[in-house]
Structures are given as structure tokens and as C-alpha cells.
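Working notes, structure below.
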Amino acid sequence: MSNETQSCTVKFASGQNIPLELHKVRVVQKLFLHPIERRLKAMRDAGFNTFQLSTTDVFLDMLTDSGTNAMSDNQISAMLRADDAYAGSQSFARMHAAVKEVFGTEYVLPVHQGRAAENIISQAFIKKGDVIPMNYHFTTTKAHMEINGGRLFEIYTDEALKIKSDCPFKGNIDTNKLRALIKEYSPARIPFIRLEASTNLIGGQPFSIENMREVRRIADEHGIMVVLDASLIGENAYFVKQREAEFKNTSIKDILLVMCGLSDLIYFSSRKVSSTRGGAICTNRKDLYLKVRDLVVLFEGFVTYGGMSVREIEALAVGMYETTDETVISQSPSFIAHLATKLDQRGIPVILPPGALGCHIDCMGFLPHVPQAQYPAGALAAALFIVSGVRGMERGTISSVRDDKGNDVLADVELLRLAFPRRVFTLSQTEYVLDRVTWLHQNRSLVGGLKFVDEPAVLRFFMGRLDAVSDWPEKLMAKFRADFGDSL
Ligand code: F0G
């Protein structure tokens, strides 16, 4: 078998650059596209929350790439040789060797998933009144840091929240803001600076190594730790190779080592990075390792499995090596770029430049008539499911919180994320999404807002239930039937 790695986009004779599947599909799962009447009923039964849908009602599941990336033949076969042992498993030895080679870290602690790492890191390093600067938060990160008494500061650049930008690195930290923050709060109150690779909530946007080096310099000047959320590190490395001149001819493997070498502590959700399930905390610093190790034993399990199944640990090890393969990590960004570029050409507002994880639709631009208090991103997620069976994820005010007075903290951006788990969807499925989003845009005036009817206090977007503010879903369905006749 060849070890060559290639990017997934090729030039067709027409002159167009088209993403090409550089893999063959050998195991398949049957999908159903149900009639719109069933989709509307399913959406109502789910409380207008796409997290509450059953996959039996979903056609294309673009909710997330978390735990849903396609695994390789080599990953599946590795799972069969798993060494079940409470302690000292050889599966862990292989995981340790893989993480050490790919991230360059001596110490590796498995955990059951990314937020378990966040729990442990937050408990180990954050105390009440601490301040944590970062490029941008992730939902579970924020929840864990705040529960431990920390306060988050998002110190992104002016470009970060612009929907349409040509800035290649919208995930960069504004280093002037970082210096000002350290001056204001003093290094003693800053346990670490957090950098998130391919910044999830602002549209999968990468940071540059130039920026990371500057953050490292500032951290060193003040004796502050740098923590890297590496859940989407492969894609960030791919964008560095594509967009940062210095690394044009550097291998992904070497770029990963540079990024990890600039961090004191690295953690990740392996539901993303290695196309498995699980997660880990890694470091080269023994003092940091010892500080988190005992919490892993307390909350996760023994240090050679950390709440993961040994089968997943084997697959993770193989997946780590595959993260250095450009063919693997360019697949999702290539399809995202294809969809985002075509939507943009049709005048539909999407986050540009295209990033990692998914294509992100700007819902305030798409549904300008729906006020933010009526959750335009949640409304668009519901409407798209009704007209297509495509399940996306709301990443806007529903994913935010309420303030002390009970008012919604309005999100900076209202996004509908259409995730592209790696090597799961084909180009014709992508064209279907393009078609139905375009139709919905032409009929956007029919889409109305949502209101909460049942709202959990913590991470409300997962389990909350909402309702439409009017009968707009029925009107949308009637227009669909008028335009598409009997077709699904
Ligand atoms: N950090 C980032 C950047 C993430 O994207 C996620 C999860 C986590 C941490 C938490 O990891 O789910 O394994 O506990 N993101 C998923 C998503 C849920 O859909 O974007 P986890």
C-alpha cells in the first residue's frame, strides 16, 4: 500500500476544482429520505431541537463530526487485536507510542472524551477569580472553566467575527489584547492561555504558527502556560500548509510537531482528531503530568485506559498516524470549501474563508426578519431539516446562556453548522444540500422564529425544547409541496 499523501481537490477538464473522494466505500449504512410530512412531525416531536431527532428520521446527519468520522480499514482491523487489561495494556502502549510520535509528547493520559480533559485541566489549574485568555471558547470548555471559578476572555482579532473575510487566520489571538489583559490582571491570576485549533464556534477557523509563536513569547515573558485544544489540530495544520508561506513545503507531520512543541499542555477529543471516540491529555512536563494524573485516576479510570474501551484506544493509535496524512485531513475541508464557495456564489451568506468541521451559514444574514431573541440559527436548523432531512446544528444564542437577570446573552454570531464528518458524504449528497439550502433561501421569508418551552439550566441547547412562534413550519411545507410535487 502506498504511503503517499495527496490533497483531495483536483482540476477537471472544465477548469473547475472539484473535491474527489480518494477512498472507496466498502461498508455502507442505509439511509432514508422520508416525505416532508414525516420530517415536519419529527421536528415538532423533537421540540424544534435537532439534538432531539432520532437518526431514523434523518437523511444526512450533518449535526457534528464528533464520533461520526468514517474510520479506515486499518483502524477497524487494529480494534480486533485490542489487549483487554485493567492496567498495563499493550493497546495503551501503542497509543502512547503514536501520540508521542505525532505530537512529540512524553506523557499521555487517556480520558473518556474531550470534556473530561477539560474537567480535569480546569480542576487542576483554575481557582476562583482566575482569568483565562483564549482565541474563542467552546461550549463545554466554558462550562467547565466557569464551574471552577474561572472567567474567560476571548481576545480574537477584528477579523474573527466578520462573516465574509479574506483573512486566512481568523482563529488568531490579538496579541496586543493579550498583553493588555496580562497587565490588567497580572500573571498570577492567569493559570494558562488557551488556544483552540481550527476554532470551532467561529466557523472552524485556524490560527497561524506565526501567531502561536508570538503567544508563546508573551507567555514565556510572564511565566504563563500555553494550553492547546487539539481536537481539530489536523485541519489547522492543513490550513497552515495551505495559507502560511513559511510552511508551504513542510509536511503535515512536521507542522503538527511545531504546533505541539509550542504548547505546555495539549488535550483533545479523539471523537474528532483521530476519527474514534475518547480523548487525551498530553505534555512533556512531568510537573504538569503529575498534577493531572491523579485526577484521571479519580474521574476517568486507570491511566492506561482512562474510561476508553481498549478497542477505541487501538483505533486512536492508528488514527493519530493518519492525522499526518494530507489525504485524510484535507477531505473534510475540501468538501466544505466546495459547498461554501457555491453558496456564496448564489448570494447565500456563509462564513468565509471556508474552515474546518463544517460549512457555516450566517443566519442573521439568511433570516434578517427573525430577531435574535427568536433564535434565527435554531429556526434555520429546523427549517432546513423540514425541507431536506438534513440535520445541522444551531451555533448561536440557543447555544449561549442567560445572564444573572435571566436575559439571553445574545451570541456574537448566529450560525447553522453543516458538519462534514470525514469521508462520510459524497459529492451528490453535497449537491443535494446545496440545492435545498438554495431553495430555502429563495423562500426564506416563510421561516419564522422559535421560543423555549422547556429550558435546562446548563448547556440548554442539548436537551431544551422549543416551539415555532407561529404556523410558519406548515406554510413552509405547503410551499415545498407546491414546488416539488410528490418528490421527496
Ligand atoms: N473542544 C473542542 C474544540 C470541541 O469541538 C469539542 C467537541 C470539545 C472540546 C469537547 O469534546 O465532545 O469529546 O467532550 N465538539 C463537538 C462538536 C461536540 O460537535 O463540535 P467532547
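Structural remarks
- Residue check for Arg38: outside any loop (DSSP other than H, G, I, E, B), assigned by TED's automatic domain parsing to the domain that holds Glu394 and charged (D, E, K, R): yes
- Residue in the range 409-432 that is in contact with a helix residue (DSSP H, G or I) (Cβ under 6 Å, 6 or more places away or on another chain) and on the phi > 0 side of the Ramachandran plot present: yes
- Against the list (1) β-branched (Val, Ile, Thr); (2) surrounded by fewer than 24 Cβ atoms within 10 Å (Cβ to Cβ); (3) outside any helix (DSSP H, G or I), the condition Ile193 fails is (2).
- Out of Val413, Val458, one residue alone is within 16 Å of the ligand (Cβ to nearest atom), in a loop (DSSP other than H, G, I, E, B) and exposed (fewer than 15 other Cβ atoms within 10 Å of the Cβ). It is Val458.
- Of the strands (runs of 3 or more DSSP E) lying entirely inside the range 82-189, not one is found with 3 or more residues being out of contact with any helix residue (DSSP H, G or I) (no Cβ under 9 Å at 6 or more places or on another chain).
- Some residue of the range 234-255 being closer than 21 Å to Glu322 by Cβ, aromatic (Phe, Trp, Tyr) and surrounded by fewer than 24 Cβ atoms within 10 Å (Cβ to Cβ): yes
- Among the residues making up the range 361-407, those that are surrounded by fewer than 23 Cβ atoms within 10 Å (Cβ to Cβ) and part of a loop (DSSP other than H, G, I, E, B) are Pro368, His369, Pro371, Ser400, Val401, Asp403, Asp404, Lys405, Gly406, Asn407.
- Yes/no for Leu31 being within 16 Å of the ligand (Cβ to nearest atom) and within 12 Å of Arg391 (Cβ to Cβ): no
- Test: residue in the range 30-44 that is in contact with a Leu (Cβ under 7 Å, 6 or more places away or on another chain) and either closer than 21 Å to Gly307 by Cα or among the small types (Gly, Ala, Ser) (or both): yes
- Scanning the range 21-44 finds no residues that are free of Cβ contacts under 8 Å to residues at least 12 places away in the same chain and small (Gly, Ala, Ser).
- Residue-level check: of (1) assigned to a helix (DSSP H, G or I); (2) within 16 Å of the ligand (Cβ to nearest atom); (3) among the β-branched types (Val, Ile, Thr), Ile218 misses just (2).
The values are calculated or read from the model by the stated rules, or taken from the named source; none is laboratory data. Remember, predicted model here, so these are calculated numbers, not experimental data. Heads up, the Cβs are rebuilt from the backbone with ideal geometry, glycines too, and the neighbour counts pull from every protein chain shown.
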